[in-house]
1. Please tell me if R270 is part of a helix (DSSP H, G or I), over 30 Å from L89 (Cα atoms) and without any contact (Cβ under 8 Å) to a residue 60 or more places away in the chain.
2. So I67 fits all but one of (1) among the hydrophobic types (A, V, I, L, M, F, W, C); (2) closer than 13 Å to A143 by Cβ; (3) open to solvent by less than 10 Å² (accessible area, probe 1.4 Å); what number is the exception?
3. I need the full set of residues from segment 77-95 which are under 19 Å from K105 (Cβ atoms), aliphatic (A, V, I, L, M) and either surrounded by 14 or more Cβ atoms within 10 Å (Cβ to Cβ) or in contact (Cβ under 8 Å) with a residue 12 or more places away in the chain (or both), in order please.
4. Mind checking whether some residue in segment 155-162 is open to solvent by less than 10 Å² (accessible area, probe 1.4 Å), more than 16 Å from ligand 2 (Cβ to nearest atom), touching a helix residue (DSSP H, G or I) at 6+ places or on another chain (Cβ under 6 Å) and among the β-branched types (V, I, T)?
5. For segment 98-121, enumerate the residues that are more than 8 Å from ligand 1 (Cβ to nearest atom) and crowded, with 20+ Cβ neighbours inside 10 Å.
6. Any residue in segment 169-189 that's closer than 12 Å to Y200 by Cβ: show its pairings with residues that are hydrophobic (A, V, I, L, M, F, W, C) and modelled with pLDDT of 95 or more at Cβ separation under 6 Å, as long as the two are six or more apart or on different chains.
7. Which of the residues spanning segment 39-69 are polar (S, T, N, Q) and not in a strand (DSSP E or B)?
8. I want to confirm something. Restricting to segment 34-77 and keeping residues that are closer than 25 Å to N92 by Cβ and of a type in the set (F, W, Y), which single residue is farthest from ligand 2 (Cβ to nearest atom)?
Amino acid sequence: METKIYKIEDCAACFRQIREAAKIIKTGGLVAFPTETVYGLGANACDPNASKKIYEAKGRPSDNPLIVHIAEFEDMYQIAEDVPAKAKLLSNAFWPGPLTIIVKKGKAVPYETTGGLDTVAVRMPAHKTALALIRESGCLIAAPSANKSGRPSPTLAAHVKEDLNGRIPLILDGGEVGIGIESTIVDLTEETPMILRPGYITADMLAEKIGTVWTDPAILTKDTSARPKAPGMKYRHYAPKADLIVIEGKKKNVIEKINALTREKQSQGRKVGVIGTDETIGYYQGDRVLTVGSGKDVDHIARNLYRILREFDEMETDVIYSESFRSFGIGQAVMNRLLKAAGHQVLMAKDNQGDTKIV
Ligand code: TXA
Ligand code: MG
């Protein structure tokens, strides 16, 4: 199958392209489209065969449920068995936006879309092209990130093409996404709401609107036997081809440690990659040194992280050492993704005291 790519600069001027994309969705096909978080791979959420096509195209395990994207809050009433008051409060505050809400599944959504679960994840994306596509198709649109399963989520249409060229009929190219990591997922089906995946909307922001919010303990631990509540969080996502190790500690110690490790690996004939920031890359001696942006601008780091991980896959590196980034605000979501990509391999850089492996 040939994959067409339409550049969508301004939706108002791109009505023909949106209409063609909507027609593909309406007739059971797949379209990749931009959202404010990452690119999504869309299909009609109410059509079991269309959902199956998503799993096939991505090579995604069929127990990993999809997020249903909507353009009007009213659509919640067909998707959900009942719409909790907290869903309304959160939607007023954060939709359209990078927040996914899990509620009890209604009849409109087939089990093929929810990976067999009785709950369903719903999100209203804050992106004109995404909203135009949902409205024009008249469908609820199921959309996971538009990457091959196990690859970093796409932040550019070129990333979608890299992974899915020839497997889907159309990519809507809206340029680089605004946020760069996937939406926060909050589960409202339990007594106390629980974050299943950290993102741009933080626990504090949610708590301000709906009171106490917990975070799934399984996503905070390196213990791989802990079972995350979001089925997708158990897979080793975002894994670069090279071994990735995160170095924690004071900046000066981290730089020294990464350089010492780099020399050691290079002396064994290994090629070393380093992920640093604008402020630190000048200090590194790796074979490939890439910056994720200014260490002072964690939003920028979020936007660059997946692109950098993909760039390393194109390069001949055996091992990648990465600095660790601030873990508050969206920094927490960045660190969650980075640690997952690293398979939770972390080394602590200490003041001339030797190294301690964190377990
Ligand atoms: O920002 C985003 O959320 C992007 C854009 C395209 O909207 N989408 C996205 O979808 O990241 P995906 O499929 O790559 O990740 C969805 C995550 C998976 O970890 C999945 O297991 C979880 O949401 N999920 C979906 N439905 C769920 C449910 N009913 N209960 C628990 N987890 C669920
Ligand atoms: Mg994904």
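1. Against the criterion (part of a helix (DSSP H, G or I), over 30 Å from L89 (Cα atoms) and without any contact (Cβ under 8 Å) to a residue 60 or more places away in the chain), R270 does not qualify.
2. (3)
3. Those that are under 19 Å from K105 (Cβ atoms), aliphatic (A, V, I, L, M) and either surrounded by 14 or more Cβ atoms within 10 Å (Cβ to Cβ) or in contact (Cβ under 8 Å) with a residue 12 or more places away in the chain (or both): I79, A80, V83, A87, L90.
4. Checked against the condition, which is being open to solvent by less than 10 Å² (accessible area, probe 1.4 Å), more than 16 Å from ligand 2 (Cβ to nearest atom), touching a helix residue (DSSP H, G or I) at 6+ places or on another chain (Cβ under 6 Å) and among the β-branched types (V, I, T), segment 155-162 yields no hits at all.
5. L99, I101, V103, V109, E112, T113
6. Qualifying pairs under 6 Å: V177/V38; G180/A302; I181/A302; E182/V38; S183/L99; T184/L99; T184/I201; I185/L196.
7. Scanning segment 39-69 gives N49, S51, S62, N64.
8. Here the answer is Y77.
The values are calculated or read from the model by the stated rules, or taken from the named source; none is laboratory data. Not measured: the values here are computed from a predicted model. Cβ atoms come from the backbone with ideal geometry, glycine included; neighbour counts cover every protein chain shown. Ligands, DNA and RNA are excluded from the accessible area calculation, which covers all protein heavy atoms including side chains. Shrake-Rupley method; radii C 1.70, N 1.55, O 1.52, S 1.80 Å.
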